[in-house]
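Below: one structure, written as structure tokens.
A short reminder: the numbers here are calculations on the coordinates, not readings from a lab. Note that this is a predicted model, so its numbers are computed, not measured. In this analysis, Cβ positions are derived from the backbone assuming ideal geometry, glycine residues included, and neighbour counts consider all displayed protein chains.
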Amino acid sequence: MTTERTAGWAERAMAEAEATAERESGRLSPEQQVLQRIERARRRSPKIRESRITLAHGAGGKATHSLIEGLFVEAFRNPTLEELDDGAVFSVGSSRLAFTTDSYVVSPLFFPGGDIGDLAVNGTVNDLAVSGARPLYLSAGFILEEGFPIADLRRIATSMAAAAQRAGVQVVTGDTKVVQRGKADGCYINTAGVGVLERPVSLGTAHIRPGDAVIVSGPIGDHGVTIMLARGELDIAADLASDTAALHGLVDTLLDAAPGVRLLRDATRGGVATILNEVAQAAQLAVIVDESSVPMRPAVTGACELLGIDPLYVACEGRLVTVVDGAQAEAALAALRGHPLGDGAALIGRITADPPGMVLLRTAFGGTRVVDMLVGDPLPRIC
Amino acid sequence: MRFVDEYRDADKAQALATQIAALCEPGRQYKFMEVCGGHTHTIYKHGIEDYLPESVSLVHGPGCPVCVIPMGRVDDAIAIANEPGVIMTAFGDMMRVPGGNGSFLDAKAAGADIRMVYSPLDALKIARTNPDRRVVFMAIGFETTSPSTAMTVLRAAAEGIDNFSVFCNHVTILPAIKAILDSPDLRLDGFLGPGHVSTVIGCRPYEFIARDYGKPLVCAGFEPLDLLQSVYLLLQQLAEGRCEVENQYTRVVPWDGNLRALEAIGQVMELRPYFEWRGLGFISHSALRMREEYAAYDAERLFDVPGVRVADPKACQCGEVLKGVLKPWECKVFGTACTPETPIGTCMVSSEGACAAYYNFGRFTRQRLVEATRV
């Protein structure tokens, strides 16, 4: 029979809130007081509420941010880390180096357009490239599950080697661990990479100004939708392949043509929307995106429409998002479009002063909506 | 995309917006409730409110099926998922809905085998391929999803699959609308009827709303032009002094509904005497349970469900917010105990709920946002 209890967390939160409310000033209107309280909560450093890791912590949205800032940055605090960029940039002697690491756990391991091997090379090369560096050396760490076919591993290593050769980098050190059956999903790869900054570029959200242009180097969402379909859970087929590619050549072309590049990012986990939110929040400026200019393949649009997923949050593995001095937008676009990896480049939006910290979308329908940071994975809607 | 782009044409929207503005009586305020969560999503996704005059506002109704699941039912489902040998299956948007003690995502992290499916048939497939496990489908939703649950149970019975069951949380839309209509301080001028639900139940069941409560209802489709046209039809009724049930979504909704789907529901499920709705409390005859004949597929009978009721904190005023009586910020727990990270009521659970939207963006007026995108 039904008994009744209350949710402990809700009761505690209410008690805390009442105590805060009492301290609040009586001069503001009730609505302003509420808004002020929210603003304070917003500014508070991210707190991890969960007692265990959930998949949301790995999805790149709010939960990932609170984990990184509330746990890892707390533990490892230093000025280089606190930049929280795709790679760390620091000086050794007279050289400026970029250093980055990334782990790859994609499932399935092989998918149209690539596999975990070239993904592991390209992803780390791209983190270096968007730091403005020329990628030089990579490490490769393999965590293998007992029973994993050697033939598959050989296939992965071969495609890593080919990707490294295309990117002009060498895998110079590595590590192998084997775990018991059931303790891993076949094969995980970690790569770290070192590159050198040869141009006098200074990239970062601090350089972004109102009037800057936001450009994406090609159609978005290819990788994420390809992986979703390759998992075979959906019984949808589409002529679509991952966009995995090394982007440092494209970055070079761009920086040659438009020295006024303020920021480079590769739109991986969390998609273009997550990057734009990071930009808006770090720069305390607004990003205004025009939905009808965002390049997207019909197969991606269709799959996302069916699944109830917003393509702006879907991962890419070979797409550059860049913020460029507005006066150089045309030059930047022309340069990107002249490169085989950027022929679908498009200007998708502008930076403005107001409202600070927000990403707004002018919808193709002619309306306005806020593009917020995701809490966790983009989950399909039932209605 | 064909059959989609036609309903998202900005020029047609502009033309409709002009007609809508012309129908509004100067000085009069109009409040229409869209009952269905899918409509709320469309309104938000396409920015439809930009096309409406200041005097027309849309009130987001209780029709988000995951948001109305009370905390106790989530806890019950997690208790089932924690039973040995159980695979719990659920729709994606159910995964994050918090119970009294965490969500499905949290339970999964703590070791329960909880899998996301796109259809109850996928859950049945899991049961077929895992004969040594007990597969439970967390059934949620209005009449839109209950037929597919019923059909799945019928198929399981026909195939003799005995390791599949349903934890039935299906709700019905009419009692919820009625609960809102019965409120003495209701301030609504009409309803945008739930198009998907209506593909099953048809338009006829809404007739009491116009007849007994004097509120017009237009059964609306899910593309942005559908919604604008439906608002136009509501305003036209008011302007002409009519009060009727109209069907804007004729390309999908038959007036009498889908009889085969209704039969399937009736065969497998029956009305519960009462069911709790998050934020709205208990509403009689507002939900479905499995019939005795299908007890073998009823997780509530097969498992020892704790049935603990987790009380919504007393101060939660979702009901008032839903009825348009209170603004989100006027609710006693808004922004304090109830936040998007720790939502208490249905209006905060969904990111498109009135409270979640106000929490995230309330500091910016709509006008400020619209102007920002016009530079």
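You can think of it this way: the chain between A:Ala327 and A:Arg52 has 94.2 nm of extra reach, that is 0.36 nm per residue less the Cα-Cα gap. Here's how it looks for A:Arg297: its modeled amide H is under 5 Å from those of A:Ile220, which are all 5 or more places away or on a different chain. In the protein assembly as shown, one over the average inverse separation of all distinct C-alpha pairs is 27.7 Å, which is the Kirkwood hydrodynamic radius.
Note on the protein assembly as shown: dipole from Cβ charges, positive end direction compared against A:Ala286, A:Pro79, A:Gly349; the farthest Cα belongs to A:Pro79.
Within a straight-line Cα-Cα reach of under 28 Å, B:Lys323 can be paired with the following lysines, leaving aside sequence neighbours fewer than 8 residues apart in one chain: B:Lys31, B:Lys45, B:Lys178, B:Lys215, B:Lys314, B:Lys332. Could you state the number of Å between the C-alpha centres of the stretch B:135-157 and the stretch B:1-77? About 28 Å separates the Cα centre of the stretch B:1-77 from the one of the stretch B:135-157.
Quick one: if the Förster radius is 56 Å, what FRET efficiency do B:Asn130 and A:Ala75 give, using the C-beta to C-beta distance and rounding to 0.05?
According to the calculation, E is roughly 0.85.
Sequentially through the stretch B:360-365, phi angles give Karplus couplings (6.51, -1.76, 1.60; θ = phi - 60°) of 6, 10, x, 6, 10, 6 Hz, Gly and Pro residues having no value and appearing as x.
Using R₀ = 56 Å, calculate the FRET efficiency as 1/(1 + (r/R₀)^6) where r is the Cβ-Cβ separation of A:Val105 and B:Glu270; round to 0.05. After rounding to 0.05, the efficiency reads 0.75.
Charged side chains reduced to their Cβ positions (Lys and Arg at +1, Asp and Glu at -1) give chain A a dipole of some 540 debye around its Cα centre.
In chain A, helical runs assigned H by DSSP with n ≥ 4 each contribute -39500 (n - 2.57); averaged across all residues and rounded to the nearest 500, the mean residue ellipticity at 222 nm is -10000 deg cm²/dmol.
Taken as Cα centroids, the stretch A:194-245 and the stretch B:328-375 sit 30 Å apart, rounded to the nearest whole angstrom. Under a 5 Å amide H cut-off, with hydrogens placed 1.01 Å from N, B:Phe167 pairs with B:Phe137, B:Met138, B:Ala139, B:Ala299 among residues at least 5 apart or on other chains. Residues in the stretch B:254-270 carry Karplus couplings, in order, of x, 4, 9, x, 9, 5, 5, 5, 4, 4, 4, 4, x, 5, 9, 10, 9 Hz; the curve used is 6.51 cos²θ - 1.76 cosθ + 1.60 with θ = phi - 60°, and Gly or Pro positions show x. The Cα atoms of chain A define a convex hull whose projected area, averaged across directions, is 24.6 nm².
The charge dipole of the protein assembly as shown, taken about its Cα centre with unit charges on the Cβ of Lys, Arg, Asp and Glu (plus for the first two, minus for the last two), comes to roughly 860 debye. Note on B:367-373: average number of Cβ atoms from other chains within 10 Å of each residue's Cβ is 6. Cβ crowding within 10 Å ranks B:Arg289, B:Arg187 as B:Arg187, B:Arg289, fewest other Cβ atoms first. Normalised Debye scattering of the stretch A:83-197 at q = 0.16, 0.23, 0.24 Å⁻¹ gives log10 I(q)/I(0) of -0.71, -1.23, -1.30, counting only Cα atoms as equal scatterers and leaving out solvent. Annotation: cysteines of chain B without a disulfide-compatible partner (Cβ-Cβ under 4.7 angstrom) are B:Cys24, B:Cys36, B:Cys168, B:Cys203, B:Cys219, B:Cys243, B:Cys316, B:Cys318, B:Cys331, B:Cys338. In order along the stretch A:253-258, the Karplus-derived 3J(HN,Hα) couplings, from 6.51 cos²θ - 1.76 cosθ + 1.60 at θ = phi - 60°, round to 4, 5, 5, 4, 7, 9 Hz, and Gly and Pro are given as x.
So, with +1 on the Cβ of K and R and -1 on the Cβ of D and E, and no other charges, what is the size of the charge dipole of the stretch A:83-197 about its Cα centre, to the nearest 20 debye?
320
The sum of -39500 (n - 2.57) across all DSSP H runs of n ≥ 4, divided by the residue count of chain B, sets its helix-only mean residue ellipticity at 222 nm to -11000 deg cm²/dmol.
When the Cα positions of A:Gln180, A:Ser29, A:Ile227 are compared along the charge dipole of the protein assembly as shown, A:Ser29 comes out farthest toward the positive end, with charges on each C-beta of Lys, Arg, Asp and Glu.
Taking amide H as placed 1.01 Å from N in the peptide plane, B:Asn247 has its amide H under 5 Å from the amide H of B:Cys219, each at least 5 places away in sequence or on another chain.
Orientation-averaged projection of the stretch B:85-217 equals 10.2 nm² [convex hull of Cα atoms, one quarter of hull surface area]. Dimensions of the stretch A:76-135 from C-alpha coordinates, computed as largest minus smallest value along each principal axis and given longest first, are 42, 25, 14 Å. Approximating the spin labels as points 7 Å out from Cα along Cα→Cβ, the B:Ala15-to-A:Thr176 distance works out to 6.9 nm. Each Lys or Arg adds one and each Asp or Glu subtracts one; over the other residues with Cβ under 12 Å from the Cβ of B:Glu320, this totals +2.
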